[in-house]
1. Take the alpha-carbon centre of region C:131-147, take the same for region A:277-345, and report the distance between them in whole Å.
2. Let me know the mean shielding of A:82-89 by other chains, meaning the per-residue number of their Cβ atoms within 10 Å of its Cβ.
3. If you project the alpha carbons of chain B onto their three principal axes, what span does each projection cover, largest first, in Å?
4. Under the rule of at least 5 residues apart or a separate chain, name every residue whose amide H is placed under 5 Å from the amide H of B:R129.
5. Restricting to DSSP H runs of at least four residues, report the calculated mean residue ellipticity at 222 nm for chain A, -39500 (n - 2.57) per run over all residues, nearest 500 deg cm²/dmol.
6. Rule-of-thumb check for region C:38-165: C-alpha Rg over 2.2 N^0.38 Å?
7. Within 14 Å, Cβ to Cβ, of A:R168, how many net charges do the neighbouring residues add up to if Lys/Arg are +1 and Asp/Glu are -1?
8. Apply the Karplus parameterisation 6.51 cos²θ - 1.76 cosθ + 1.60, with θ equal to phi minus 60°, to every residue of region B:277-292 and state each ³J(HN,Hα) to the nearest whole Hz, in sequence, with x for glycine and proline.
Amino acid sequence: MEIRIDNLTKKFGDVVGVEDLTLHIDDGEFVAFLGPSGCGKTTTLLTLAGIYKPTEGFIRFGDRVINTVQPKDRNIGMVFQSYALYPHMTIFQNIAYPLKLKKVPKNAQNEQVRQVANVMGIGDLLDRRPGQLSGGQQQRVALGRALVKEPDVLLFDEPLSNLDARLRLTMRGEIKHLQKNLGITSIYVTHDQVEAMTMADRIAVMNRGHLQAFDAPDELYDRPKTRFVAGFVGNPPMNFVDVEVSRSNGRFIAETDSIRLALGAERGSAPAGHDGAVVMGIRPEDIQIDADGDVRGEIFVVEPLGREDLIDVRIGSHSFILLADTERQHQAGERVSLKFDMSQAQFFDPRTERSLLWKQ
Amino acid sequence: MTARASLFDAGKLKVDESPSSLAQDLLNALRLGLIGILVMLVAAFFFSGVVGPLFALGNVEETVMDVLTRLALLALPFIAYIAAASVARPYTYTDTARALGLALTTTLILFAAISAGHYVFNYGVFAPRPSLQMTLSQTDAGLRVDAIVAGGAADIAEIQVGDVITAIRRDSVDLTAFNRRLSQSEADAPLRLRFTRGAEELQETARVVLVSDKQLSVLLPGLALGLVFTAIIVFLPGHWAPYIALVGLLSPLMVGYFWVIVATFSYRTEGLVPLDSSDNIGGFTLKNWESIFAGNISGLEFNIWPILMTTLTIALVMTFVVLLVSSMAGYALSRMHFPGRRFFLSFTLILHGFPAITLLIPIFFVLLRLGELPVIGELFGFNSIGGIALVMVAFQLPLGVWLMKGFFDNIPWDMERSALIDGASRFRTYWEILLPQIRPGLLALGIFAFIGGWNAYIIPATYSIGSGVSNLPVFLNELIDETAPVDWNQVAAVGLFQLIPIFIFFIFAQEYLLNIYAGGTKGSS
Amino acid sequence: MSEPNSKAKSSAALVQSRRNALRSYLGAYGFMAPAGVLVIIFFLIPVAIVLYLSVTNLASSNFTSDLARMEFIGLKNYETLLNDQFARKIFFNTIFYVLVTLSIFNVSLALVVSLLTTHIDRSAGFVFRALWILPRITSPVVYILIWKRMMAEAPFGILNQFNELLGQPTYNYVSTNPWVFVVVVNGFIGVSFGMIIFTSAIESIPKDLLNASLVDGSSRMQRIRFVILPLIRWPLLFVVTYQTLSLLTSFEEILLLTDGGPGLYRTEVWSLTAFHRALSNYFGNAQWGYGSAFAVLLVLIGVVLAVIYMRVFRFDELIAEPRVEAL
């Protein structure tokens, strides 16, 4: 099922949930809505589900405008963060509930529920009640209940955030696998950018009710179109510093009071043409501690992450986060030289926060 | 202590390191005891001299302040002993003898002081009491006069030593009855005594006089009580005190309920003591219960079953309707979006605070008019069970709606959304998904409504005439009002019969009861 | 899809949307309807009727249930009420009853009981509190029966057993001390409300705060005085106002206990008078109009206090907008 959202606005009184959102989702696509809490992603999802009515704009499933269609007539399945399993029903009754409401005959209900339960690996839990199940099992039941009515669209509202880290990893794979196999158009709301990056075909990044970007994961990472996207996607987050980019003798220089960095033309020409200071962004993995480095700074904090160390280096009044090999055993207070990979640097307009390199 | 650096040198705490002497402790204890006495005296004066006269200005004929004054004066010595004992208590861990000695000495002195006060002001044991100024002893023949005060009341009535008193007027008396009669007499009241002198039958009228015989020996029981009391206070483990206080405060209630239970199983009771038909202690009987089902109490004939049915109908209809109506309204207020929602919510809250009972008069007219309608009138008009139940439902609605709304509010929104997406209508969501999840709330409100309906008195009594629609409480009150003399033990049996479901709820659902009788106001406080 | 086509669909959808909203509102009103009807019949209409009755001279002699045929006499009932010397006595009786019962039982004893039960073992405290509920769940008729027996004269009365023992005169306390009786009987019922409110307030004080005060060197008594009492000021105020209204308007127990006697209006209170005048007149002459004038005063006090509760106890914070807009 193809989903077309056109100029969607949803307000609660004076509070804007989401504003002027336009988004087209292809049939069978897995799209993630990514953003901090309160960014409007869940509002959009619930509007798609029919729980909220759009204030303005249109939502189409295929060719059909579904703005006023009741949730029960939209043929959607939804998995909630809290799972929302009915505590007074057994697992079987929970999964069968959508079928019962569709007035599917008892035999067929029985068969379909068992089939779904087996796919989800909860076939032996059907007589239990939700309270007796672990979080992971409840999650599978919720997924089973969403799938049993063979929905046209699957909606996920942060389904993995109540699970522990290990279980989250396995469920992530399972959901993606299932979605690809069944080919159901899916929308997945999350604030965890790792989840979004690993699972989605395309990611819609939202902030304060506005769509920031809608692209494939790699695009978002390598060519962020706004400063928000650059900062939100990637962990640890990108370093930002205000610089002046100037051109002298065919070379481009980005500099602040304490840093001076040379740039290539493909990254430097656009910011150099910009009047005044720009925001430079550089990812932690693009900064190396290297004796040959051209910038000197002092280590402020070392945070061991296990595989590598997260190091906060202060250069003058600026602070840079970078990742370093644990074997080097850096200490706080140590003076080091840094090498910046300027071919990966991003530049943003400080006022509009739009990228100077990539046009929208 | 002195060596330690202090944060505030100027205000350094001075610690008296020498142990206090016995004399100091004694003075301390006496001082506290006297403060206790003073406080109670002030309280007594406040009740009798300030509050009492103030209300007398408004022409309120009350004796509450007299009773409070008496209570304050009665408690006075005990408060003094407790205050004194608090000085001795710390020594109980180290020096038992010292603690006891200190406490008893103080008590002795305080007792002497209080007694002196009583002596001077003719109060307490020195208060004048009705007397005939003679001493009597019980013999088989009657009350023998052992001694008389010369010139006293008995002497004036020409009673002599050796006379045997048999009756006051026509009532034959033993010593207890004689003393009771005497103690209830006022000053100068005439008592006509029948007595035998030798073989002669005589009668003379003696006039009661109020006499204060200031014999110091009557103080001895009081002193003993005081000493024992202080000793107990000194050695009482501190954590027992709240329990003792709680039991003390509750005791009138517990005694009352205990009486109902005892009374229903005995012929008659004097105080809490069950007596059989020949006035001996004991006498277990089921006759009170039998008479309920036989349908005859003190000559009033009735059939218990229709009364029971009426009571049960009112209670059950109420429970059912209250649950249904308030859960529906509560659901809409909690979960639905519609114009006027805020108005309805605030209106519910106002009704919740509004005393519906003040509308008793106009509702009478509403029921009269309802009774004139066809069909509805039969069911819900004046003098119908339905009408009574409906009024009571309406009175409980504000609380019910508010409570139900609160319970619905606590169910996660995702539950509702999930059901809607699964394909349920709003009504189905309410009925199949949400109602089962607020079962504790339904149970609490249900119990509340049932108890309200089962106990209802004023509404059934006001809106019904004749016994056709009277319920157990109305019937019970009729029994008390219309039978004379009232057979209290049979009445008690009906009362206990009415209490049975209440006791059952009390035993099994205390937690619900405690929660709901705060009126669903927990959230607001 | 071409643009015009899409526009046509859109406007159709808008009409549909309005129709849907209406349908969803109707659903909500459907849920509200039973409660609404009952409230209209038994609250709103009665308030109007009682106001109307109080300006008529309806009595047994000219009784009619037809509102249109009742005789309008203006504020005459209120005038009579102001000049009625018994009304003045009843007014002071009511103030006395409310003040004394409230201060001794509904507030003080309730506070004492909740403080005591929160300073002992949790489950024991619960049992004691539960026992205090008994008077409230006992039918008033049975409850009064119990108390009548407690106060009866010797040899049957329970309290008088002590008098016998001490050789004191015995009395029927209902007739000698009717007010004591009325206050105590209502007071024992009234304790539970304040007790529950205070207890939940005390229990919601953070444990750390209570422990901190002990560590800081206060005794348990000082902790009650300086920590607990200041923290339960609001509940205290709530109980005082709420119970004032309850006591003002409840008369069932007094009706069963003394019926306003013994003697002329000795324990009669305002709400009982309204009831007596209109609904239970021994002389067979019910004065609906005059009785309603008494009731109107209580209705007005009730409305005012109820509105105050709503304001004072932060009604706005209790309202959360629903988060589902589907039908």
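Quick note: the coordinates plus some simple rules give every number you see, no bench work behind them. All values reported here derive from a predicted model rather than from experimental measurement. Positions of Cβ are generated from backbone atoms using ideal geometry, with glycine treated the same way; all protein chains shown enter the neighbour counts.
1. About 78 Å separates the Cα centre of region C:131-147 from the one of region A:277-345.
2. If you average over the peptide's residues, the count of other-chain Cβ atoms is 6.
3. 99, 90, 49
4. Distant-sequence amide H within range of B:R129: B:V211, B:S212, B:D213.
5. Theoretical 222 nm ellipticity from helices: -8000 deg cm²/dmol.
6. Normalised Rg, Cα atoms only: 1.67.
7. -1
8. Whole-Hz 3J(HN,Hα) from phi for region B:277-292: 5, 10, 6, 8, 5, x, x, 5, 8, 10, 5, 5, 6, 4, 5, 4.
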